[in-house]
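The values are calculated or read from the model by the stated rules, or taken from the named source; none is laboratory data. Given the structure is predicted, the values throughout are model-derived calculations rather than measurements. FYI the Cβ positions are ideal-geometry reconstructions off the backbone, even for glycines, and counts take in every protein chain you see. Side chains included, ligands, DNA and RNA excluded: accessible areas come from the protein's heavy atoms. Shrake-Rupley method; radii C 1.70, N 1.55, O 1.52, S 1.80 Å.
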Amino acid sequence: LEVSALPPAPSAKAASGATVAKAAAGNVAADDYAKLADMDMVHDNRKTTPREHDQYEDTKSGVKAESVEDNRKECGRRNDQKLDIARWEPPSLSLQRKRSSGSDANDRPVKVSRVRTDRDESIDFLTCTLNIPPWMDQGRDLFLHLIGAGGQKTKKIESITNCWINISYPKLPSMPKPPMSITIKSKIARIPPVNVHTAIHTIEESLVEFLKDKNAEKRLLYELAATAIGSYKYSNNRRGGDCGGLLLREYNGLKYWLWLRDLPCCNINHHHGTFLLRMKPQLSDCNLEVFAESGLPLDQAPPFVLISGTKYGDVKKTVAHVVNAMKEHQACCDCTPKW
């Protein structure tokens, strides 16, 4: 008898390698290779009953089935990614233009940080400087009257209007005294203009109270508005015209269009203008007042003529008539200043 040599039994390492090769051929996930190899090695190194062998085959089949299913899902996910990449198309030309101009595909508003400039500062913080007329007494009594006892008047205005009040007045008696001015400035940005208006109106009432001259009150209110400077102005109440223009001012609870002009004179004590009163019958809707030596008396203010009315058009026509009459008078008179 010829006895052929039988091949040696595979080692555990070789069995594990063979199992790994089988698993790879069956599309088994790499994480389950070692598990299957260990099961083969244990099964080959011990004697098993038919029942244990069947259990071993069922367990091994279950591991393979789960691994193949996981592998199939992973391959499907990767194929979907490849398909999405293959289907990609460049964005439309209109969308590219939107992106290049700074807006996204959904046209969502882009929040841009605001750069503050000097112009923003002047708009955000309202200011108004009232210049006291030079003909008005600007001594210490006026300063004390404006601030009140212990500064209570200005403090109250600041608390109500949320504005700063600054009155220019020399701290020492020996210092020069320039024309007095009152500056109102909002404490916070973008304060309602009505707050500044309230502060101005309160200060004007205090000035009128100190003046104690009924005939000069309208002149004071007119000059305060005409010479005011700052970001808050009376621009909405001002109209162009001859001799400084017309101003809309409130007086005794009513709003009037006012026009004012100094009267000419030949000497310091004789002003010309009372002849203008002869025009009154022609002025049905306007009021013409002449404040001079022979007219309505004045305490501090220089002589002037004042035209007032509630309708802008009527006041403008009256101003034109008065100016023409004064120019005709000065054509044959040396009184100055010339209109």
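Regarding LYS280, is this residue free of Cβ contacts under 8 Å to residues at least 12 places away in the same chain, of a type in the set (D, E, K, R) and open to solvent by 60 Å² or more (accessible area, probe 1.4 Å)?
Answer is yes for this residue.
Filter region 127-138 down to residues that are open to solvent by less than 70 Å² (accessible area, probe 1.4 Å) and part of a loop (DSSP other than H, G, I, E, B) and give me whichever is nearest to TYR232 (Cα to Cα).
Ranking the qualifying residues of region 127-138, first place goes to ILE132.
Could you run through region 281-309 and say how many residues are out of contact with any helix residue (DSSP H, G or I) (no Cβ under 6 Å at 6 or more places or on another chain), hydroxyl-bearing (Ser, Thr, Tyr) and at pLDDT below 90?
Of the residues in that region, 1 qualify.
Give the residues of region 199-234 that are modelled with pLDDT under 95 and among the polar types (S, T, N, Q), sorted by residue number.
Answer for region 199-234, where residues must be modelled with pLDDT under 95 and among the polar types (S, T, N, Q): ASN215, THR227, SER231.
Give region 149-200 a look and list any residue that's touching a residue at least 12 places away in the same chain (Cβ under 8 Å), closer than 25 Å to LYS233 by Cβ and in a loop (DSSP other than H, G, I, E, B), or say none.
Hits for region 149-200 are ASN162, SER168, TYR169, PRO179, MET180, LYS187, ILE188, ALA189, ARG190, ILE191.
Considering only region 211-235, state which residues are open to solvent by less than 40 Å² (accessible area, probe 1.4 Å), more than 35 Å from the chain's Cα centre (by Cα) and in contact (Cβ under 8 Å) with a residue 60 or more places away in the chain.
LEU211, ASP213, ALA216, LYS218, ARG219
Taking into account only those residues within region 289-339 that are under 30 Å from PHE210 (Cα atoms) and small (Gly, Ala, Ser), which is most open to solvent (accessible area, probe 1.4 Å)?
Filtering region 289-339 for residues that are under 30 Å from PHE210 (Cα atoms) and small (Gly, Ala, Ser), the one most open to solvent (accessible area, probe 1.4 Å) comes out as SER294.
Could you give me the residue pairs with C-beta distances under 9 Å whose first residue belongs to region 243-272 and is free of Cβ contacts under 8 Å to residues at least 24 places away in the same chain and open to solvent by 60 Å² or more (accessible area, probe 1.4 Å), whose second residue is in a loop (DSSP other than H, G, I, E, B) and charged (D, E, K, R) wherever it lies, and which are 6+ apart or on separate chains?
Going by the 9 Å Cβ cut-off, the qualifying pairs are HIS270/GLU293.
Inspect all residues belonging to region 139-148 and state whether any of them is open to solvent by 30 Å² or more (accessible area, probe 1.4 Å), part of a loop (DSSP other than H, G, I, E, B) and acidic (Asp, Glu).
Taking every residue of region 139-148 in turn, none turns out to be open to solvent by 30 Å² or more (accessible area, probe 1.4 Å), part of a loop (DSSP other than H, G, I, E, B) and acidic (Asp, Glu).
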